[in-house]
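The values are calculated or read from the model by the stated rules, or taken from the named source; none is laboratory data. Please read these numbers as outputs of a predicted model, since none were measured by experiment. As a convention, Cβ positions derive from the backbone with ideal geometry for all residues, glycine included, and neighbour counts pool all protein chains shown.
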Amino acid sequence: MSRPAGEKRPRRPRPGRDPLPDLTPYTGCPADDEIGLAPLAVGWLQRGQEYPQGRPPAGFATALLPFCLDAYRVCPLPSPQPCPLCQQAVPVINHHGQPATLGSGELRVIGEEEIYAAPTLLYHYVTAHHYLPPEEFVAAVLSGPPAGSAEHRALIRTLQSYR
Ligand SMILES: [Zn+2]
């Protein structure tokens with residue numbers, strides 16, 4: 001099937017609407033492309049979608065939350081989106097005095113070989129809906145550069161500058 005040239009263009013995935021399998025290329029944030037980053041998608045869940053569930057290793061959720069802080073958010077949305085799974089607005093989490101407005105943008109995690117792009121709702125998916133992210137992402141959160149480390153902050157600041 002052909003379609004008229006120029007009619008359909010790739011567009012930014014909308015959380016909760018467009019399926020994006022884990023560990024496939026994530027192209028929803030133009031800033032990644034601007035700096036030559038080709039992150040992998042993690043946790044772009046949508047309503048009614050089947051997703052892996054399970055109990056992550058101890059300490060995973062605790063290590064993940066700081067990545068979701070507003071301070072480290074990239075590709076912010078105009079307003080926070082409700083959770084596509086439970087349709088509820090997720091309350092802002094206060095983490096040592098810093099807000100994490102889940103649903104308001106994206107996070108980045110640095111792995112050994114890859115950078116991962118996830119919605120900040122990921123923390124809610126893990127803690128409220130038992131979503132179990134891919135093993136290599138879990139390992140990156142637990143063993144890679146922590147949120148707020150020099151390496152992580154450098155990446156986030158670069159991406160944020162392309163807002
Ligand atoms: Zn939910």
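Considering only the stretch 54-70, state which residues are crowded, with 17+ Cβ neighbours inside 10 Å and not in a helix (DSSP H, G or I). Of everything in the stretch 54-70, those that are crowded, with 17+ Cβ neighbours inside 10 Å and not in a helix (DSSP H, G or I) turn out to be PRO56, LEU69. Residues that are at pLDDT 95 or above and of a type in the set (D, E, K, R) were ranked within the stretch 40-70; the one that is nearest to GLU135 (Cα to Cα) is ARG55. Condition check for VAL92 on (1) surrounded by fewer than 16 Cβ atoms within 10 Å (Cβ to Cβ); (2) touching a residue at least 40 places away in the same chain (Cβ under 8 Å); (3) more than 20 Å from GLY28 (Cβ to Cβ): one failure, at (2). Only residues that are touching a Leu at 6+ places or on another chain (Cβ under 8 Å) and within 16 Å of the ligand (Cβ to nearest atom): list them for the stretch 53-70, please. Across the stretch 53-70, the qualifying residues are GLN53, LEU64, CYS68. Residues being within 14 Å of the chain's Cα centre (by Cα) and either part of a strand (DSSP E or B) or aromatic (Phe, Trp, Tyr) (or both) are entirely absent from the stretch 140-160.
Residues of the stretch 37-53 that are in a loop (DSSP other than H, G, I, E, B) and touching a Phe, Trp or Tyr at 6+ places or on another chain (Cβ under 9 Å): ALA38, PRO39, VAL42, GLY43, LEU45, TYR51, PRO52. Evaluate the following for ARG153: is it among the charged types (D, E, K, R) and touching a residue at least 60 places away in the same chain (Cβ under 8 Å)? It is true that ARG153 is among the charged types (D, E, K, R) and touching a residue at least 60 places away in the same chain (Cβ under 8 Å). Within the stretch 130-159, being within 15 Å of the ligand (Cβ to nearest atom) and surrounded by fewer than 16 Cβ atoms within 10 Å (Cβ to Cβ) holds for one residue alone: HIS130.
So which of TYR123, TYR162 is aromatic (Phe, Trp, Tyr), in contact with a helix residue (DSSP H, G or I) (Cβ under 8 Å, 6 or more places away or on another chain) and within 28 Å of GLU50 (Cβ to Cβ)? Even if it seems obvious, please write down each step before you answer.
Details: TYR162 fails: within 28 Å of GLU50 (Cβ to Cβ).
Sole residue among the options that is aromatic (Phe, Trp, Tyr), in contact with a helix residue (DSSP H, G or I) (Cβ under 8 Å, 6 or more places away or on another chain) and within 28 Å of GLU50 (Cβ to Cβ): TYR123.
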